[in-house]
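Working notes, structure below.
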């Protein structure tokens with residue numbers, strides 16, 4: 001049914017504030033762009049007036065904290081049912097956007113606004129973390145209008161309630177009172193769930209591609225435990241103290257490239273794996289052409305774990321992976337920027353292009369991230 005807004009000034013006796021037409025549709029766009037919270041949920045806008053491959057123009061495009069895509073079509077005045085077909089058309093385009101295409105849309109938008117040019121950095125500023133590896137796993141379609149006709153309301157309700165199409169209408173009213181302007185809003189349907197994309201080949205393409213070479217390694221440099229100075233000097237990364245901690249590190253392949261990160265500190269080195277994972281007690285490293293047991297070196301850290309942990313956490317041993325450093329720096333010269341990738345696993349595939357490019361540039365590593373994606 002039609003929704004009616006009312007606003008009263010109650011300084012003395014109730015005085016109804018007059019509803020006015022929104023001066024321009026672009027004014028509404030600008031208001032949402034300035035504060036997407038007007039829509040009732042945290043969003044990062046990634047595009048305004050975005051041209052689709054069908055020659056149509058999407059008013060606003062955003063992503064949420066889970067990486068879901070939000071398509072917004074704005075109508076200043078009463079809108080007819082044709083807008084439903086319009087936004088469904090936009091949805092058919094949006095669901096096919098890949099990770100790289102979304103990032104490119106954001107980069108173009110950011111450059112036009114003088115914002116942080118990398119999506120990872122903007123995402124971290126907005127939501128306080130790094131983007132999920134898979135963007136656009138869900139999408140939502142929103143018509144923003146002052147009023148809709150009865151047919152539009154029936155169609156939207158039918159699609160959203162009967163067939164879980166992620167379409168909704170956000171109503172607004174524009175008020176003016178003694179030189180001040182106000183905006184009020186409400187939704188047609190409560191709690192319309194965004195729709196998840198297919199898990200088929202097309203959906204998998206929305207995950208940021210992996211170049212088949214680069215890996216993330218978390219090196220827990222801790223007092224009384226492993227020491228980054230040892231790893232820097234003798235060329236290795238390590239993890240242990242339980243099966244969960246060493247399991248992913250042991251999967252690192254010979255010839256892979258590791259971007260090494262100290263938790264809560266930053267990136268300290270990039271190097272190439274030159275040997276298989278070995279328990280600390282048996283680990284042999286080649287230093288200046290001579291092979292020697294790591295345990296025989298004057299180490300600052302401790303790499304032996306109590307056997308008591310084996311009962312609950314599996315193999316407690318520290319595992320060593322030999323690395324030839326392309327560039328590595330002391331802990332105090334670590335690199336960290338808002339939006340860099342970090343992970344609780346000891347090792348995982350590094351897909352974050354922003355992190356790879358920026359760390360490589362800082363450390364002066366040539367051709368970083370340019371390998372063909374697998």
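Things worth noting here:
- Exactly one residue among 275, 224 is outside the structural domain of residue 153 (by TED's automatic domain parsing), part of a loop (DSSP other than H, G, I, E, B) and at pLDDT below 90, and that residue is 224.
- Qualifying residue in the range 306-315 (condition: assigned to a loop (DSSP other than H, G, I, E, B), under 19 Å from residue 99 (Cβ atoms) and at pLDDT below 90): no
- Hits in the range 280-290 (condition: part of a strand (DSSP E or B) and either surrounded by 14 or more Cβ atoms within 10 Å (Cβ to Cβ) or modelled with pLDDT of 90 or more (or both)): 284, 285, 286
- Of 255, 241, all but one fail to be in contact (Cβ under 8 Å) with a residue 12 or more places away in the chain, surrounded by fewer than 22 Cβ atoms within 10 Å (Cβ to Cβ) and within 18 Å of residue 344 (Cα to Cα); the exception is 241.
- Matching residues, the range 148-185, being over 20 Å from residue 82 (Cα atoms) and either under 30 Å from the mean Cα position of the chain (by Cα) or not assigned by TED's automatic domain parsing to the domain that holds residue 89 (or both): 185
- Some residue of the range 247-268 being more than 31 Å from the chain's Cα centre (by Cα), assigned to a loop (DSSP other than H, G, I, E, B) and closer than 24 Å to residue 330 by Cα: no
- All positions within the range 71-80 that are surrounded by 16 or more Cβ atoms within 10 Å (Cβ to Cβ) and at pLDDT 75 or above: 71, 72, 73, 74, 75
- Here 48, 76, 81 are screened, and the one residue that is under 27 Å from residue 209 (Cα atoms), touching a strand residue (DSSP E or B) at 6+ places or on another chain (Cβ under 9 Å) and in contact (Cβ under 8 Å) with a residue 60 or more places away in the chain is 48.
- Filtered residues of the range 148-164 (kept if surrounded by fewer than 20 Cβ atoms within 10 Å (Cβ to Cβ) and in contact with a helix residue (DSSP H, G or I) (Cβ under 8 Å, 6 or more places away or on another chain)): 155, 159
- Any hit, the range 38-45, residues being assigned by TED's automatic domain parsing to the domain that holds residue 155, more than 24 Å from residue 170 (Cα to Cα) and without any contact (Cβ under 8 Å) to a residue 60 or more places away in the chain: no
The values are calculated or read from the model by the stated rules, or taken from the named source; none is laboratory data. All of these numbers come straight from a predicted model, not from anything done at the bench. Using ideal geometry, Cβ is built from the backbone for each residue, glycine included, and neighbour counts are taken over all protein chains shown.
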